Amino acid sequence: MRMYLRSLMAVLAAALLVVGCGGGEKSVSVDDAAAGAQKAFAAAGAEVKGAIDKAVTAYRANDFVGAVVMLQSVQDAPNLTADQTKAIDDLTRAVYEKLAALVEKGDPKAQQALGQLRNMRR
């Protein structure tokens, strides 16, 4: 269990690097983060909007690795607005928070996802 807590802390630290230090920002619910992302990208191009939709679908299915990969691809898109950047940050934070909660509960799929995300960061 101690190893998982260390891994969890590493992923949470990586999440902070990805989304930045929010200075006291509150947790974002699954539905709020997904709705915010879909709203912010409603007028985006088909490729970017499709990636957001895939990230939301993956997130809702607890496919944390898929969600993070999709969000990272969108994060690299040119000409993102401030609202779009915030939506990506909120959804990324929500993914990591949900993953952390499941790892803490001992969920084996979440622990596997944590390992995959850790390996992606190397």
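Structure above, values below:
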quantity: Meets criteria (out of contact with any Asp or Glu (no Cβ under 9 Å at 6 or more places or on another chain), assigned to a helix (DSSP H, G or I), loosely packed, with under 14 Cβ neighbours inside 10 Å and at pLDDT 90 or above) for D83; calculated: yes
quantity: Residues of region 57-80 satisfying the condition of being crowded, with 22+ Cβ neighbours inside 10 Å and of a type in the set (V, I, T); calculated: V68, V74
quantity: Residue ID - nearest to the chain's Cα centre (by Cα), chosen from residues in region 86-110 that are buried (at least 17 other Cβ atoms within 10 Å of the Cβ) and more than 20 Å from D53 (Cα to Cα); calculated: A100
quantity: Given (1) in contact (Cβ under 8 Å) with a residue 60 or more places away in the chain; (2) closer than 18 Å to V28 by Cα, number of the condition L114 does not satisfy; calculated: (2)
quantity: Unique residue being surrounded by 12 or more Cβ atoms within 10 Å (Cβ to Cβ), over 13 Å from the mean Cα position of the chain (by Cα), more than 20 Å from K109 (Cβ to Cβ) and modelled with pLDDT of 90 or more when the list is A44, A40; calculated: A40
quantity: Cβ pairs under 7 Å, 6+ apart, first in region 80-107 and more than 11 Å from A33 (Cβ to Cβ), second of a type in the set (S, T, N, Q); calculated: V103/Q111
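The values are calculated or read from the model by the stated rules, or taken from the named source; none is laboratory data. All values reported here derive from a predicted model rather than from experimental measurement. Positions of Cβ are generated from backbone atoms using ideal geometry, with glycine treated the same way; all protein chains shown enter the neighbour counts.
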